[in-house]
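Taking it in order: structure first as structure tokens, then the write-up.
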Amino acid sequence: MLIAGFPAGAWGTNCYVVAPAAGEECVIIDPGHQATQGVEDVLKKHRLKPVAVVLTHGHIDHVASVVPVCGAHDVPAWIHPEDRYMMSDPEKALGRSIGMPLMGELTVGEPDDLKELSDGAQLSLAGLEFRVAHAPGHTKGSVTFRMPEAADVPQILFSGDLLFAGSVGRTDLPGGDHAELLESLARVCLPLDDSTVVLSGHGPQTTIGRERASNPYLQGADAPRRGM
């Protein structure tokens, strides 16, 4: 498997390009602010052909380059319906008034083909399987994408802004809810094997085992379960 990730734009948001191997079809995850050139560089370097863009949530730092990337390659994007409004109204998602400057000129709006994700869905894209889990807390429509273990490749969780190395996504923006985030951590992350590799929306990769042992938020999510 080939996974190429890079931090993009002012927020350093991780964009991932996933393919079975070089020279194959691929899926792009979270092409955010100023990610377009980075995506094109990865595609050229590894001779990849995109078939879809999938989005962990609708914040502008994760979706700002969706329109140009989808348009350049004539591919659909996928997002949870509760975050769809953010594609066209990013200021509302950030608690800002429409018309306020937002990181200069951004291409906002929906791509020509925008599909909706649902909890428990299994997406078969580019010869790969992505299992969707609705994980609200950072936003109402946050999701994770899990790729099951295969051959010598461990299980992989694209966690978006649900879980970071040592931390979690903020919950103080519109649609955020700390209690919901803890519930999502308990339901989505805690049942996973310790060997599961976590590729998050910001920061370095980690594993479920490392976070289970050291992340205070994941431990906090586990506390009610231990007390049951």
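The values are calculated or read from the model by the stated rules, or taken from the named source; none is laboratory data. Note that the structure is a prediction, hence the values are computed from the model and not measured. We place every Cβ from the backbone using ideal geometry, glycine too, and count neighbours over all the protein chains shown. When the accessible area is computed, the model is the full protein with side chains, heavy atoms only, and any ligands, DNA or RNA have been set aside. Shrake-Rupley method; radii C 1.70, N 1.55, O 1.52, S 1.80 Å.
Key figures
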| read-out | value |
| --- | --- |
| Debye-sum result for the chain in log10 I(q)/I(0), which assumes one identical scatterer on each alpha carbon, at q = 0.17, 0.18 Å⁻¹ | -1.23, -1.37 |
| Accessible area (Å², per residue) of the chain, counting only protein heavy atoms and a probe of 1.4 Å | 44 Å² |
| Rg/Rh (Cα only; Kirkwood hydrodynamic radius) as it applies to the stretch 100-207 | 1.00 |
| Accessible-area value, residue 60, 1.4 Å probe, nucleic acids and ligands omitted, Å² | 10 Å² |
| Protection proxy ranking of 172-182, 129-139, 5-15 - average other beta-carbon atoms within 10 Å, highest first | 129-139, 5-15, 172-182 |
| Heavy-atom accessible area order for 86, 1, largest first, 1.4 Å probe | 1, 86 |
| Length gained when the stretch residue 205-residue 25 is fully extended (0.36 nm per residue, less Cα-Cα span) | 62.4 nm |
| For residue 25, residues with placed amide H under 5 Å, excluding near neighbours | 49 |
| Sulfur and carbon atoms: percent of accessible area, the chain [1.4 Å] | 50 percent |
| Calculated [θ] (222 nm, deg cm²/dmol) that DSSP helices of n ≥ 4 give over the chain, each run adding -39,500 (n - 2.57) | -6000 deg cm²/dmol |
| All aspartates and glutamates inside 17 Å of residue 44 as judged from Cα atoms, apart from same-chain residues fewer than 8 positions distant | 24, 25, 74 |
| Amide N proximity, the stretch 126-155 versus residue 190 label position 7 Å along Cα-to-Cβ, cut-off under 19 Å | 133-138, 144 |
